[in-house]
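Presented below is the structure to which this report refers.
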Amino acid sequence: MSASLAPVREVWAQRSRARSGGDLLYLVYVAAMTLMVVGLPVLSWAGTMLARPDVLAILLSAQAAPAAAALSLAGAACLVGLGAVRGPALLPPFFTATLVGGPLPRRVVLRRPFARALLLPLLAAVLPAALVAATLIAAGRTEAGAAALLVLAGTGLGMLWGCAWSAGQLLRTPVRRAVILLLGLGAGIAAVPPLRAAAAGETVLEGARSWTGPGAAWASGLAAAGAAGLAACTLLLDRLRGSELAAQAARWEAATASAMTTDLAGAAGTYRALPTTGRHLAAIGSGPPTLLYARRDAVAWLRTPDRCAGGALGVLLGAAALGGAALLSGPQAWAALLIGTLVLRAGAGAFVDGIRHGVQTLGAPTLLGQRAGTQLLLHAIAPLLLLAALGALGGLLVLLAGGGSDAGALLLPLSTAAVVLLARAWEAAKGTMPLALATPIPTPQGDLSVLVMLAWQADTVVVPLLGAAVLLLVLPSGPAAALLAAAALLGVLGLLTRRRLQELRA
């Protein structure tokens, strides 16, 4: 076999749908023109809309830099964990078996998909930096040079995030866990001053009329460190294990196929962690059904320690964000509510496998006199207690950091955790998408049936967000009103879940 990929690319270019060099240049031209004609005006408009006193108070406060550092470290920790299940250097299973498993160096085979995947963390860092720069320029708080330095720093951060993603794919499990723990601790330490200031209601600006940017040396250092890190990661692609690459490629292909058919639950289930530890723990015993089911769920969580720890951390962070939303006001409160609810919902997914199992028993013979609805209720006990404890802990941490005594910082995470758990049960009882929704809807703009299918999937995220928004709106009326609203939401979700179970049973 040749030591070059040129013969492979020559054969690949002979496909009927292969893109020529001119096609690629045209795509680059379209992307550049779209950026100039659409992207820059939209960015300028967004910056003008965000140039408000409350937003500027956050961007120009003394706690903006520690908050950015905390978010950056938390993002790096998440990317290291993501690299363990889906790394940036990945090819389809066929090419993984034929090319990656061949005599060619893996850095030669994988550098193109590696470079394409790095566009995601790069854009995730550059776009917020550009939006902040546009906001400060629109408000007259900075100059073009300082804004360019901010975008350069965002570029360096995006490259460092790409290094973290690649490190998650390269490192062994014990080292990867240690890196995630260190990054998480760093993020927690950096987040303490901003949380304390937010809870205390501090919105004092730094004092200067203009913002001078991160500094040329700091921005250039970040960009240089990111470029050096990516060069090192490219050279280390040879150290990737073939068995791990094959497993990741197979999982990604299966998840992509499920997502293309709008089976998002199936796509997520492809990456659900398998039990690897705690085989000696007994999940079956004697006692009341409530304690027995709680024991089974707890043992199941302990048998997937990484997933359990990640879910618990997500619930804790989401609860802390919700606690901050209860203490804030205006756009800051709604932004914290959005982030907190989504993170809490994602973390809660690690603890609702028992609820999913209860729904899957529909239609099976009734064992021990327990119907699917009864099993669902019994499987909800342990997750409810755990989410309530983590929600209370997250709200308590916000109160301690801010030195306040507002009960809303505890009530909002607790109530939202219960709503999210019941929304997860309602989601588990959703069933498959009706085929009628996949009916093509031809229009001059294309087939719009995909919008209908996305709308059918969107309620899994929209319902928890609406519940959290209702709780935040009712919270100023007092604890009694908040508890009453939470009880009403839980009652409605319970009735909806019961109706879905009846429909599935029918």
task: Would you calculate, for the chain, the mean residue ellipticity at 222 nm contributed by helices, counting each DSSP H stretch of 4 or more residues as -39,500 (n - 2.57) and dividing by all residues, to the nearest 500?
output: -23500 deg cm²/dmol
- prompt: Which Cα, out of 416, 361, 386, lies furthest along the positive dipole direction of the stretch 287-505 (beta carbon charges, K/R +1, D/E -1)?
  reply: 361
field: For the stretch 232-244, Karplus couplings with θ = phi - 60° (6.51, -1.76, 1.60), whole Hz, Gly/Pro x
entry: 5, 5, 5, 5, 7, 4, 5, 8, 5, 7, x, 5, 5
task: Set the Förster distance to 56 Å, then compute FRET efficiency between residue 224 and residue 487 from the Cβ-Cβ distance, nearest 0.05.
output: 0.50
message: If packing is taken as the average number of other Cβ atoms within 10 Å across a peptide's residues, how do 328-334, 375-381, 125-131 rank, most packed first?
response: 375-381, 125-131, 328-334
message: With 10 angstrom as the radius, rank 95, 114, 351 by how many other C-beta atoms surround their C-beta, starting from the fewest.
response: 95, 114, 351
Förster-model FRET efficiency, 25 Å R0, residue 274 and residue 504, C-beta, rounded to 0.05: 0.40
query: Relative to the present Cα-Cα distance, how much length would full extension add between residue 178 and residue 466 at 0.36 nm per residue of separation?
result: 100.0 nm
query: Simple spin-label model, 7 Å along Cα-to-Cβ: residue 31 to residue 496 in nm?
result: 3.9 nm
- prompt: Once phi is turned into θ = phi - 60°, what whole-Hz ³J(HN,Hα) does the Karplus curve with 6.51, -1.76 and 1.60 give for every residue of the stretch 322-336, x standing for Gly and Pro?
  reply: 5, x, x, 4, 5, 9, 9, 8, x, x, 4, 5, 6, 5, 5
- prompt: Dipole of the chain (Lys/Arg Cβ +1, Asp/Glu Cβ -1, origin at the Cα centre): which of 223, 55, 170 lies farthest to the positive side?
  reply: 170
- prompt: How many nm separate the modelled label positions at residue 120 and residue 52, each set 7 Å beyond the Cα in the direction of the Cβ?
  reply: 3.2 nm
query: When you count, for each residue, the other Cβ atoms within 10 Å and take the mean per peptide, how do 453-459, 234-240, 275-281, 419-425 rank with the highest first?
result: 419-425, 234-240, 453-459, 275-281
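Nearest 0.05, what FRET efficiency do residue 338 and residue 235 give at R0 = 30 Å with Cβ-Cβ as r?
The formula returns an efficiency of 0.15 here.
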- prompt: What order do you get for 439, 135 when you list them from fewest to most C-beta neighbours inside 10 Å?
  reply: 439, 135
Vicinal HN-Hα couplings computed from phi for the stretch 380-393 (Karplus, 6.51 cos²θ - 1.76 cosθ + 1.60; Hz; Gly/Pro x): 8, 5, 4, x, 5, 5, 5, 5, 5, 5, 5, x, 5, 5
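All of the numbers you see were taken from the coordinates with simple rules; none came from a lab. A quick note: this is a predicted structure, and the numbers were derived from the prediction, not measured. Glycine gets a Cβ as well: all are built from the backbone with ideal geometry, and neighbour counts include every protein chain shown.
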